[in-house]
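The values are calculated or read from the model by the stated rules, or taken from the named source; none is laboratory data. Note that the coordinates shown come from a computational prediction; the quantities given were computed from them, not determined experimentally. Cβ: placed from backbone, ideal geometry, glycine included. Neighbour counts: every protein chain shown. Ligands, DNA and RNA are stripped out before the accessible areas are found, and what is left, the full protein with its side chains, is counted by its heavy atoms. Shrake-Rupley method; radii C 1.70, N 1.55, O 1.52, S 1.80 Å.
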Amino acid sequence: APLVIGATATTGADGAFAIALPPGPSRDVFVHYADGDRVVARHGLVRRSIVRPTLVAKPNHGVRRGDRLHFTGRLPGPVCTERVVKVQARIGKRRWQVFRTDRTDRDCAFAARYKLRATRRARRYRFRARVPEQAGYPYEPGHSSVARVKVRRRR
């Protein structure tokens, strides 16, 4: 891709400067220190962005054993089609278990379903979408915020 000048900054008396980068995918950042028309120093930096997919669980309350949960979400672009997304459930206090693996469609969206079979008492479940490292996708691995589902006791 062509180089784009994203911002310019002026150094302070101590030589320090700050530039805010817009949110987005990981990218290479080049910093050039110029004195007039002459480039004095060049520095290459790498900006790593962690992917933060969205995740929505429906229904998320009033759920009973035997009900089917529907999960939907989306990945940030660019080049986010046909990317692997793993939907996980929290097991115990620290462990996450993958129960569905899906790929994003051309709109960068994914969907999964899960039927509650073994739940016999009222409890709360936690789910998240995890995106592993993938060639060609300019984000570091990451996960969504936690989606909570409250299951009611069966009458």
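Observations on the structure shown:
- Orientation-averaged projected area, Cα convex hull of segment 58-117 (nm²): 4.9 nm²
- Taking mean projected area of the Cα convex hull in nm² as calculated from this structure, the corresponding entry among [x] 10.5; [y] 12.9; [z] 15.8 is [y].
- Rounded accessible area per residue of the chain, 1.4 Å, Å²: 72 Å²
- The fraction of all Cα pairs in segment 21-78 landing in successive 10 Å bins from 0 to the largest distance is 17, 25, 19, 16, 11, 7, 5, 0, given as whole percents.
- Distance from the alpha carbon centroid of segment 63-86 to that of segment 30-47 works out to 42 angstrom.
- Summing +1 for each Lys or Arg and -1 for each Asp or Glu among the other residues whose beta-carbon sits under 12 angstrom from that of T54 gives +3.
- For segment 1-129, the share of accessible area belonging to carbon and sulfur comes to 50 percent (1.4 Å probe, ligands and nucleic acids excluded).
- Near R100, the amide H atoms lying under 5 Å from its own belong to V87; only residues 5 or more places off or on other chains count, and H is placed 1.01 Å from N.
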